[in-house]
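A short reminder: the numbers here are calculations on the coordinates, not readings from a lab. Since we're looking at a predicted model, the values are computed, not measured. Note that we place each Cβ from the backbone using ideal geometry, even for glycine, and neighbour counts take in every protein chain shown.
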Amino acid sequence: MIAVTGIGEVRPGNDLAEPLADAIAAGPGLESGDVVVVTHKVVSKAEGAVVELPSDDPDAHRVLVESEAAEVIRRRGDLVIARTRHGFICANAGVDRSNVEAGWAVLLPEDPDRSAHRLRLRLERRFGVPVAVVVSDTFGRPWRRGLVDVAIGFSGLAAVDDHRGRLDSHGNELVVTEVAVVDELAAAADLVMGKASGIPAAVVRGFVVPPGEDRATDLVRPPDEDLFL
């Protein structure tokens with residue numbers, strides 16, 4: 001995993017692919033099979049998915065969260081667990097006020113898979129090698145403390161490495177094991193990007209990328225499989 005530095009501040013409406021490619025070229029470069037992980041926040045900023053919160057309205061953040069939520073699942077004080085229009089269940093419908101200027105909030109990209117695919121095409125054109133792109137965000141986890149990065153959009157790889165039907169080291173058949181490869185890549189990349197460093201991208205190299213063209217919604221568990229909803 002190699003952090004990508006030197007991208008600089010991305011303003012709403014600015015092109016992200018060019019400064020991202022320039023920063024990668026000045027750093028690790030790209031090799032065939034590399035995975036580029038980009039935080040959703042820098043993608044959202046480039047796409048203009050930012051909202052200024054009225055300074056004289058103490059309820060502005062709550063109203064924004066509810067407007068971004070397709071369904072509110074639970075509330076606890078100021079915390080809202082909501083389902084987004086993408087199908088993700090996360091805190092505050094993905095509305096985030098960290099790593100952005102005071103008085104502003106960053107929303108999730110409208111279509112993170114499309115965002116990842118566009119970046120992938122631009123990077124492959126620039127470097128002339130096949131790569132994958134993952135757009136990541138930070139989620140909490142049921143029954144576990146702490147946060148991890150997961151994939152909310154990606155292009156150029158399979159979402160899950162399905163081990164069902166394979167044999168383990170003792171010859172037992174695996175019947176339920178499905179490895180969320182893109183989430184593991186997002187979490188691993190965050191180890192070098194960090195939460196407060198301002199580094200919005202990393203290159204994962206040496207991983208054998210499972211081929212596929214899945215979408216982030218392929219990782220969303222259907223409601224009829226959720227034991228707690």
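Worth a mention:
- Extent along the principal axes, Cα only, for the range 116-229: 44, 31, 28 Å, with the longest axis given first.
- Distance from the alpha carbon centroid of the range 52-95 to that of the range 197-216 works out to 28 angstrom.
- Projected label points at Ser55 and Arg114, each 7 Å from Cα along the beta carbon direction, are separated by 3.5 nanometres.
- Between the amide H of Gly140 and those of Ala91, distances stay under 5 Å, these residues lying 5 or more places away or on another chain, with hydrogens modeled in the peptide plane.
- Each Lys and Arg adds +1 at its Cβ and each Asp and Glu adds -1 at its Cβ; summed about the Cα centre, the range 50-108 shows a dipole of about 420 debye.
- Placing R0 at 30 angstrom, the Cβ-Cβ distance between Leu121 and Val148 gives a FRET efficiency of 0.60 after rounding to 0.05.
- Label-point separation in nm, Ser169 to Leu227, each point 7 Å along Cα→Cβ: 2.7
- Converting the Cα gyration tensor eigenvalues of the range 50-108 into ellipsoid dimensions via √(5λ) gives semi-axes, longest first, of 19, 13, 9 Å.
- Lys, Arg +1 and Asp, Glu -1 on Cβ, resulting dipole of the chain about Cα centre, debye, nearest 20: 300
- Packing-based ranking, highest mean first, of 39-52, 4-17 given that Cβ atoms within 10 Å are counted: 39-52, 4-17
- Mean Kyte hydropathy of -1.0 or more with a Cα span along the axis of at least 15 Å, helices from DSSP in the chain: 181-193
- Scoring 174-184, 53-63, 158-168 by mean Cβ neighbours within 10 Å over their residues and listing the highest first yields 174-184, 158-168, 53-63.
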